[in-house]
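Just so you know, all these numbers are worked out from the coordinates, no wet-lab data involved. The structure displayed is predicted, hence computed values, not measured ones. Methodologically, a virtual Cβ is constructed for each residue, glycine included, from the backbone with ideal geometry; neighbour enumeration extends over all protein chains shown.
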Amino acid sequence: VMRRRQQRRLLLLSGVTACVCVCGERLLLHERHNLRLRAELRDELDRLSHHVPYERVLRVAGFCSSPLLDWSRKQIRAMGHLTYKQLYDNRILSMSYIYKHYIDKKTGEEFFVDAGQTSELKRRHKRQMKFWRDADLEGRILKEDILLLSMHGADLQDDSKLVPIIERMFHFDNLSDVINFAHDVQDMIAKIPNGFNNPLLTMNAVATTTSGRTFNKKSIILGDGVLQFLFDTGLQKTGPDFIHSHEFAHHVQFELDLAVPPGHNIVNDDRRKELMADALAGYWLAHDLGGDFDFNEISEFQRAAFATGDCKTDDPNHHGLPSQRQCASIWGANVALPDA
């Protein structure tokens, strides 16, 4: 009887210890440093994490297969699910974006993979601005220049960049908490595969438009991670052009106020907006005054559209199934092609 009581007591003590550990883990890393995410950024960052959210990326899609999801799962397995969850929950995956959109003021030092890709994207960007301005008979599109910006995980290695990022993202009481959290973030990133060059740190492409009394910026931000995904999946020839054109199409939507279709009151219809952007991208890439893509190039960029589709049909941020994105881009290209 005494032995049974001792075993029971040890079991209860181990349970208490486990509870303390579990309860301690409920505090996220930034919370342990007394940092609180700024409410005005929460929705923006939630939208940014659409591509590879932790809860979704582990789910088997069933009827739907997405090259983007498969590639993302591979990257997450390489670093470990728990490590990825920490990066995701502490908003570390959005930090490169915050730096590029809110902190960095330089615009002439953008670099995309290599010199050739950088030159190609910059040339396409200028040509696309001219295309839409020439087509803009009412002066409603592209009243201001749109910046083309690159996003790099390596920026997080620099204290002079990371500390302002954290200050912009979180409320804090003491600067020492910010600095300590920054060092913990850097230590965590240094241990994942490829460290600060891990593609999941910059796995996004974003069209931004922000205006106010103290901050005005319209840009397209392309992350190194997105470009690596395209290279890893054999879509490096026209994939970057499609992603860039898709984000440029969002700026056309912004300027023409196409968030809500005429006669409807559906505001958060992300799939419709994303498929429209795919169609506009296909239109520009195939147009003889635009990208002027030939048949083989059109075949490849519609594969890129398919590859970036997702399977989250029950998610309000759903961008469209792979097949839907592919069809939208082909439809846009067909509209642009001259009659035979």
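Straightening the chain between residue 190 and residue 104 buys 28.7 nm, computed as 0.36 nm per residue apart minus the Cα-Cα spacing.
Over 32 Å apart at the Cα level, from the set 161/312; 74/273; 74/143; 85/143, are 161/312; 74/143; 85/143. Packing order of peptides 185-195, 94-104, 38-48, 142-152, highest average first: 94-104, 142-152, 185-195, 38-48 (average count of other Cβ atoms within 10 Å over each peptide's residues). Rounded, prolate or oblate: which one fits region 78-154, using the alpha carbon gyration tensor with axes a ≥ b ≥ c (rounded when a/c is under 1.5, else prolate when a/b beats b/c, else oblate)? Here region 78-154 falls in the prolate category. Each of residue 289 and residue 118 was given a label point 7 Å from its Cα along the Cα-to-Cβ line. The distance between the two points is 3.2 nm. With +1 on the Cβ of every Lys and Arg and -1 on the Cβ of every Asp and Glu, and nothing else charged, how large is the dipole of region 68-110 about its Cα centre, in debye rounded to the nearest 20? It comes to approximately 140 debye.
Take the Cα of residue 78, step 7 Å toward its Cβ, do the same at residue 159, and the gap between the two points is 3.0 nm.
Starting from the Cα gyration tensor of region 117-222, take the square roots of the eigenvalues, sort them a ≥ b ≥ c, and report rounded, prolate or oblate (rounded when a/c is under 1.5, otherwise prolate if a/b is larger than b/c, else oblate). Oblate shape, in that a/c is at least 1.5 and b/c is the bigger or equal ratio.
On the basis of the beta-carbon distance and an R0 of 41 Å, residue 174 and residue 272 show a calculated FRET efficiency of 0.35. With a cut-off of 13 Å between beta carbons, the residues surrounding residue 223 carry a summed charge of -3, where Lys and Arg count +1 and Asp and Glu -1. Under the classification rounded if a/c is under 1.5, otherwise prolate if a/b is larger than b/c and oblate if not, where does region 162-234 fall, given a ≥ b ≥ c as square roots of the Cα gyration tensor eigenvalues? Oblate shape, in that a/c is at least 1.5 and b/c is the bigger or equal ratio. Sorting the segments 79-90, 271-282 by their mean number of nearby beta carbons within 10 angstrom, highest to lowest, gives 271-282, 79-90.
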